[in-house]
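Here, each number is a calculation from the coordinates, and none is a lab measurement. Not measured: the values here are computed from a predicted model. All Cβ positions, even for glycine, are placed from backbone atoms using ideal geometry, and neighbour counts span all protein chains on display.
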Amino acid sequence: MQVKKPWWQSGGVRIAVALVLLILFGGAASGIYLSQIPPEQPIAFPHKTHVALGAQCTYCHPAAAWGPNAGLPGISKCWGCHQQVQKKSPELEKLAGYVQRNEPIPWVPVAIQPDFVKFTHQPHVQAGIACETCHGPVSQMTVALPQPRQNMGWCLDCHQRMRPNDFVRLSDCATCHY
């Protein structure tokens, strides 16, 4: 008499489990990969050029000093300087088009936190933390790039290094998740 195999040892079940695991792993891997690709911007903004000319981050992103996110510059901020610039370029022509149509520039945010994270720049700016600490070497970037490994462990590690005496408060879940 032949002994019947348990259902989980049948070939069909093993193949189904392998396919489900492959789909889950593939989805996770592609999600991580896609979150590290800089989005296409309406204007290829050369950060390194502007930083080299002496523009401070908070000039274009003033809400970093007081708001939950740094904000993105509008046409009046950009055109305030660039109406004086005589240099012709396809990117400045795009900017001029937004100005003529009185349309906001549809910037695509690069540094996005999940909805369950309540991050605000204000305490970081007040603590004197340089923008590059979290956003990478923006002065060397043409287009802003998402920074890899920017996650809870990374933030907690920074809080522990920068403020060891205040780490108990800064590591409280309610500091960032409320």
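Table for the structure above
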{"quantity": "Residue among V51, V99, V168 with the largest mean-square fluctuation in a Gaussian network model of the chain, springs linking Cα atoms under 10 Å", "calculated": "V168"}
{"quantity": "Whole-number D in µm² s⁻¹ for region 35-178, Kirkwood Cα-pair radius fed into Stokes-Einstein, 20 °C, 1.002 mPa s", "calculated": "126 µm²/s"}
{"quantity": "Helix runs (DSSP H) in the chain reaching 24 Å along axis by Cα, Kyte-Doolittle at least -0.5", "calculated": "11-34"}
{"quantity": "Ranked packing of 147-159, 5-17, most packed first, by mean Cβ within 10 Å", "calculated": "147-159, 5-17"}
{"quantity": "Relative contact order for region 25-174, counting Cα pairs under 8 Å that sit 6 or more residues apart, in percent", "calculated": "33 percent"}
{"quantity": "Fraction in percent of alpha-carbon pairs per bin - 5 Å, region 4-55", "calculated": "4, 15, 10, 11, 10, 8, 8, 7, 6, 5, 5, 4, 4, 2, 1, 0"}
{"quantity": "In Å, descending, principal axis extents of the Cα set of region 26-112", "calculated": "49, 31, 27"}
{"quantity": "Euclidean distance of C-alpha centroids, region 1-67 and region 68-117, integer Å", "calculated": "26 Å"}
{"quantity": "Region 80-156 - convex hull of the alpha-carbon atoms, volume per residue in Å³", "calculated": "157 Å³"}
{"quantity": "Relative contact order computed over region 1-97 (Cα-Cα under 8 Å; 6+ residues apart), in percent", "calculated": "17 percent"}
